[in-house]
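Structure first, commentary second.
Every read-out reported here was derived from the displayed coordinates using simple, explicitly stated rules and does not represent laboratory data. All of these numbers come straight from a predicted model, not from anything done at the bench. Heads up, the Cβs are rebuilt from the backbone with ideal geometry, glycines too, and the neighbour counts pull from every protein chain shown.
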Amino acid sequence: MKTSNWLTGLLFTCVVGGLMAFVNADEYLNGIDWKEPPVIAPGEHGGPPSDAVVLFDGQDLSAWQGADNWKIENGAMICGKGDVHTKAAFGDCQLHIEWSAPTPIKGSGQGRGNSGIFFMDNYEIQVLDSYGNKTYFDGQAGGIYKQTPPQVNATVAPGKWNVYDIIWTAPRFNEEGSLKSPAYITALHNGILILNHFELKGDTPYSRPPHYEKHADRLPIRLQDHGNPTRFRNIWIRETKPAEGEPVRKPFIRDDKGNERPID
């Protein structure tokens, strides 16, 4: 009984002491007057959030240029002759896109279910049937073409739907044309991280090393025709930007009595 009382008292002392330490703790304040973040309603059942631009909802191709030879079947847009571009231009963004490799299976390597998603018309993340289909690793599904493979191969079997959720940070250029900051990409393939803030070395050509060349701050998204009837659906995009705030004073510490002291 005495041991139990001793343990109860010790526990009470620890809890009260911890609460007092929390109440008396100094508070760090960064001196920034933040703007309230906008309220965005999430999409239902994988659908687009309230601030998204819908690029394809299974009904029509009105958001795309050059789509005269592409077609719609069962709510999917199917690659036809020639690449298609969004009519709208984008810079930093979050892109959701679903794709499915053709069935029946035809070809191998780069000839099997090949397409591509080009950010700003220049930078490709590969679309390819990489389910049991070997090719060069920086050319398989989820790779940044000729720059890096994905961290893992998360491709599902042809006929099933792959999902890409991609965060794109556009490159910035100085006025005279030199690179100010490179492009970065983070991507999830079927919910699995495959690219983690990867820094692009430039564009993604087949026949030469990548390099940056100054271009507009916003350019279209391009879907590639590589001769395979790859299907796409449920495509939406959100423009992204950092939280906004204005520094109003230097960072400081405020104690529980309201006294403030600057941080050196």
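Legend: ranking of residues Arg261, Arg238 from fewest to most surrounding C-beta atoms inside 10 Å; resulting order Arg261, Arg238. Any number yet on Rg/Rh for segment 110-173, C-alpha, Kirkwood? The Rg/Rh ratio comes out at 0.97.
For the chain, the dipole from Cβ point charges (+1 on Lys and Arg, -1 on Asp and Glu) about the Cα centre works out to 780 debye, to the nearest 20.
For the chain, find the longest principal axis of its Cα atoms and tell me its angle to the long axis of helix 2-23, 0 to 90°, nearest 10. That helix lies at roughly 70 degrees to the long axis. GNM on the chain, alpha-carbon springs under 10 angstrom: the most fluctuating residue among Gly31, Gly66, Gly227 is Gly31. Across the chain, C-alpha contacts under 8 Å between residues 6 or more apart give a mean separation that, scaled by the residue count, equals a relative contact order of 28 percent. Where Lys and Arg each count +1 and Asp and Glu each count -1, what net charge lies around Gly80 among other residues with Cβ under 11 Å from its Cβ? Once positives and negatives cancel, what remains is -1. Distance distribution P(r), segment 159-258, all Cα-Cα pairs, bin width 10 angstrom from 0: 10, 29, 31, 15, 9, 4, 1, 0 percent.
Translational diffusion of the chain was estimated from the Stokes-Einstein equation, with Rh taken as the Kirkwood radius over Cα pairs; at 37 °C and 0.692 mPa s the coefficient is 151 µm²/s.
Listing Leu55, Leu188, Leu95, Leu29 from fewest to most neighbouring C-beta atoms within 10 Å gives Leu29, Leu188, Leu95, Leu55.
Among Arg231, Arg218, a tally of other beta-carbon atoms within 10 Å of each Cβ gives an order, fewest to most, of Arg218, Arg231. Could you quote the convex hull projected area for segment 73-195, Cα atoms only and averaged over all directions, in nm²? Value for segment 73-195: 8.6 nm².
Looking at segment 167-264, the chymotrypsin sites (Phe, Trp or Tyr not before Pro) that sit in a DSSP loop and have at most 11 other Cβ atoms within 10 Å of their own Cβ are Tyr206.
For the pair Asp57 and Glu176, a Förster radius of 41 Å applied to the C-beta separation gives a FRET efficiency near 0.45, rounded to the nearest 0.05. Cα centroid separation, segment 106-183 to segment 39-105: 17 Å.
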